[in-house]
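Chemist: Take a look at this one; I'll ask things after.
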Amino acid sequence: MAGAEGITVYKDLLLFLGTAGVIVPLFIRWRMSPVLGFLAAGLALGPFGLGALATEVPWLSAVSISDAEQISGPAEFGVAFLLFMMGLELSWERLARMRKLVFGLGYLQVILSSLVLGLIALALGQTPAAAAVLGTSLALSSTALVLPSLAERKRLASVVGRASFAVLLFQDLAVAPLLILVALLDARNGAAAASSLIYAIAPAVAGLVAVLGLGRLILRPLFGLVAAAKNNELFVAACLLVVVGSGLIAVATGLSMSLGAFVAGLLLAETEYRRQVEVAIQPFQGLLLGLFFVSVGAKLDLTQILASPLPTLSVACAFVAVKFLILWPVASRFDLSRRRALELALVLSPGGEFALVVIGAAIGHGIVPEPVGTTAMVATTLSMFTIPLMIRFSENLSARGREDEASLAALAPDVKDRAERAIIAGYGRVGDLVGQMLARHKVPFLAVDGNPALVARERDRGVMIYYGDATKAELLRRCGIASAPALIVTMDNPAAVESIVAAARAERPDLVIVARARDAEHAAKLYGIDVTDAVPETIEASLQLSEAVLISLGIPAGPVIASIHEKRDEFRKVLQGPEKSGKVRRAIRLSTRNAESRKGPGSS
């Protein structure tokens, strides 16, 4: 019945949410990787865990995943969202600078590992076609497990993190040709001619061109239109449309969904909407990746391991050892120190999720015998469970080693987008002038504004500015608040200024925060939430008017400027005080009213 099927779907959703809300926080509390928490939950709740006992103990069906394939579809989007976010972190220029590792180290790792593993499979009695598929599949590593695990350890920006990403990117590029190879080696149809191979690859190339072409034409206008509506839900919907749409276009033409999403991310990385897109996508990426890890854990067939533990464990240990012994010396020849090459080899030696896809397709086409393919898939899944442990072990192994600065420089982010920038929240007339003064003194800055038309105009002028809501702490993180020397808040909305100051101070207790205040009362409120300095418009206007009139009356500029600074300090001390007497409040109000009357109703 449709109702019963719906209940099953909701049950699996509730189990996943329970995993995310209960089990994973426990792993974090125990200082263990949340990835391991998701994997362990999938293993325990899956059809080979509690699900296997549901036939004998019916009530267990309510707390177990009976069919792992039901969550596999949505789980695939987790990898796509991950690659989309990685694309947003890159630029075409930086990707071009990484080509040596992508098409050098990545290519050699896949070719050499495939060749050695394939020869081993051939020596063990497999057909040439089966050996080729098994060798190339087991040569792949897990993008979905390696990158989040490195990010969790804050190591994506390290030499090993960037080199791992380069190799994994080439492996993702290689998935489409591998799937095409499986179709062409179909045992029922025989080997295909070279012309057939060209016809098979052509749709994949067309799909990649389509994603690139459509992305360059429509992405920026689309997000400009959505941002102008000032509706956060519509913006999130547009982000999801881009990720899912680009992924499905890639799948329809024979590419992997994650590759299509990665290209879309690269295209959006060049636009002013990049940071706000990252904020919108982040929650979906985290949840869907968690679902992917649960699905991986649920597919680990414990009965297969128990039925033939020696062959399964032997296959897992053998291909991990082969990849490690190949990658370590090869990586050392690509400007990586031997210590970093060792760490990279440990990180990438386990198997990956795409091996399961390729081997599964090969079994379906009759290329790989089902018992052999099943053993290889279980061994691959088992090796993936070791990835968080491998990363922690490699980190401990090389903890005393310093980063290879030459290698790090080769993979460094583009200088124009470095994180060590002052952040200007609000880039209207006041923010623009602040930016000009920072530029005059050669202080690099990054601006954020919620007006898409203004952002597009300033972006065309060469200003490093992004569209987004600076009141969101996640956006400030994405803009580099962790390493920013200062935050300047220039917005004329008092509530927004207070939200930004509070969010920034929670992120960085030591950050210099200078904020625009509407009046003295607002300035006092900002000091109450730990702003470094607040600049009340009305008080500053009165001081500037006083300076102008005194100098015009012939009083020397030096004493005037000194007295202005002295008066400003007096006001600051009053506003920063824990309590202000009614007399002081009246004096402040009087001075601000006088300033407003001098400026006139049309001033701003």
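The values are calculated or read from the model by the stated rules, or taken from the named source; none is laboratory data. None of the values given here were measured: they were computed from a predicted structure. Cβ placement follows ideal geometry from the backbone for every residue including glycine, while neighbour counts extend to all protein chains displayed.
Chemist: Tell me the residue from 505, 478 that is buried (at least 17 other Cβ atoms within 10 Å of the Cβ), in contact with a strand residue (DSSP E or B) (Cβ under 8 Å, 6 or more places away or on another chain) and basic (Lys, Arg), please.
Modeler: Sole residue among the options that is buried (at least 17 other Cβ atoms within 10 Å of the Cβ), in contact with a strand residue (DSSP E or B) (Cβ under 8 Å, 6 or more places away or on another chain) and basic (Lys, Arg): 505.
Chemist: Go through the range 122-179 and count every residue that is over 18 Å from residue 387 (Cβ atoms), assigned to a helix (DSSP H, G or I) and within 23 Å of the chain's Cα centre (by Cα).
Modeler: The number of residues fulfilling the criteria is 5.
Chemist: Right, something else. So which of 20, 52, 40, 44 is at pLDDT below 75, part of a helix (DSSP H, G or I) and under 21 Å from residue 303 (Cβ atoms)? Step through it out loud before you land on a result.
Modeler: Values: 20 fails: under 21 Å from residue 303 (Cβ atoms); 40 fails: at pLDDT below 75; 44 fails: at pLDDT below 75.
One residue alone meets the criteria, 52.
Chemist: If you don't mind, there's one more thing I want to ask. Considering every residue within the range 530-537, establish whether at least one is modelled with pLDDT under 80, surrounded by 18 or more Cβ atoms within 10 Å (Cβ to Cβ) and among the β-branched types (Val, Ile, Thr).
Modeler: No, the range 530-537 contains no residue that is modelled with pLDDT under 80, surrounded by 18 or more Cβ atoms within 10 Å (Cβ to Cβ) and among the β-branched types (Val, Ile, Thr).
Chemist: Going through 597, 591, 603 one at a time, which residue ends up being in contact with a helix residue (DSSP H, G or I) (Cβ under 7 Å, 6 or more places away or on another chain) and at pLDDT below 70?
Modeler: Just a single option satisfies the conditions, and that option is 591.
Chemist: Quickly run through the range 240-277 and pick out the residues that are assigned to a helix (DSSP H, G or I) and within 18 Å of residue 479 (Cα to Cα).
Modeler: 265, 266, 268, 269, 274, 275, 276, 277
Chemist: Against the condition surrounded by fewer than 24 Cβ atoms within 10 Å (Cβ to Cβ), farther than 28 Å from residue 100 by Cα, assigned by TED's automatic domain parsing to the domain that holds residue 169 and touching a Ser or Thr at 6+ places or on another chain (Cβ under 6 Å), how does residue 305 come out, does it pass?
Modeler: yes
Chemist: Hey, any hits in the range 344-357 for a residue that's farther than 21 Å from residue 144 by Cα and either in contact with a Leu (Cβ under 9 Å, 6 or more places away or on another chain) or aromatic (Phe, Trp, Tyr) (or both)?
Modeler: No, there is no match, as no residue in the range 344-357 is farther than 21 Å from residue 144 by Cα and either in contact with a Leu (Cβ under 9 Å, 6 or more places away or on another chain) or aromatic (Phe, Trp, Tyr) (or both).
Chemist: Conditions: (1) more than 28 Å from residue 456 (Cα to Cα); (2) surrounded by fewer than 21 Cβ atoms within 10 Å (Cβ to Cβ); (3) in contact with a helix residue (DSSP H, G or I) (Cβ under 7 Å, 6 or more places away or on another chain). Residue 552 meets all but one. Number of the miss?
Modeler: Going through the list (1) more than 28 Å from residue 456 (Cα to Cα); (2) surrounded by fewer than 21 Cβ atoms within 10 Å (Cβ to Cβ); (3) in contact with a helix residue (DSSP H, G or I) (Cβ under 7 Å, 6 or more places away or on another chain), residue 552 breaks only (3).
Chemist: I'd like the full set of residues that are of a type in the set (A, V, I, L, M) and over 24 Å from the mean Cα position of the chain (by Cα), limited to the range 487-510. So that I can check it myself, show each step before the final result.
Modeler: Initial filter on the range 487-510 (of a type in the set (A, V, I, L, M)): 487-489, 491, 495-497, 500-504, 506.
Across the range 487-510, the qualifying residues are 488, 489, 491, 495, 496, 497, 501, 502.
Chemist: Being of a type in the set (Gly, Ala, Ser) and in contact with a Phe, Trp or Tyr (Cβ under 9 Å, 6 or more places away or on another chain) is true for just one of 228, 280, 237, 252. Which residue is that? Lay out the reasoning, then the answer.
Modeler: Working: 228 fails: in contact with a Phe, Trp or Tyr (Cβ under 9 Å, 6 or more places away or on another chain); 237 fails: in contact with a Phe, Trp or Tyr (Cβ under 9 Å, 6 or more places away or on another chain); 252 fails: in contact with a Phe, Trp or Tyr (Cβ under 9 Å, 6 or more places away or on another chain).
Going through 228, 280, 237, 252 in turn, the sole match is 280.
Chemist: Go through the range 357-390 and give me each residue that's over 20 Å from residue 38 (Cα atoms) and either touching a Gly at 6+ places or on another chain (Cβ under 6 Å) or not in a helix (DSSP H, G or I) (or both).
Modeler: Of all residues in the range 357-390, those over 20 Å from residue 38 (Cα atoms) come to 357-376.
Of everything in the range 357-390, those that are over 20 Å from residue 38 (Cα atoms) and either touching a Gly at 6+ places or on another chain (Cβ under 6 Å) or not in a helix (DSSP H, G or I) (or both) turn out to be 359, 363, 365, 366, 367, 368, 369.
Chemist: For the range 503-518, which residues satisfy the criterion of being among the aliphatic types (A, V, I, L, M) and under 13 Å from residue 425 (Cα atoms)?
Modeler: 503, 504, 513, 514, 515, listed by residue number.
Chemist: Still on this structure, I have one more. Could you look through the range 325-363, keep only residues that are among the acidic types (Asp, Glu) and under 24 Å from the mean Cα position of the chain (by Cα), and pick out the one that is modelled with the lowest pLDDT?
Modeler: 353
The rows are residues; the columns are (1) crowded, with 17+ Cβ neighbours inside 10 Å; (2) among the β-branched types (Val, Ile, Thr); (3) out of contact with any Pro (no Cβ under 8 Å at 6 or more places or on another chain).
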site	(1), (2), (3)
271	yes, yes, yes
275	yes, no, yes
293	yes, no, yes
312	yes, yes, yes
318	no, no, yes
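Chemist: Within the range 347-362, can one find any residue that is among the β-branched types (Val, Ile, Thr) and farther than 21 Å from residue 128 by Cα?
Modeler: yes
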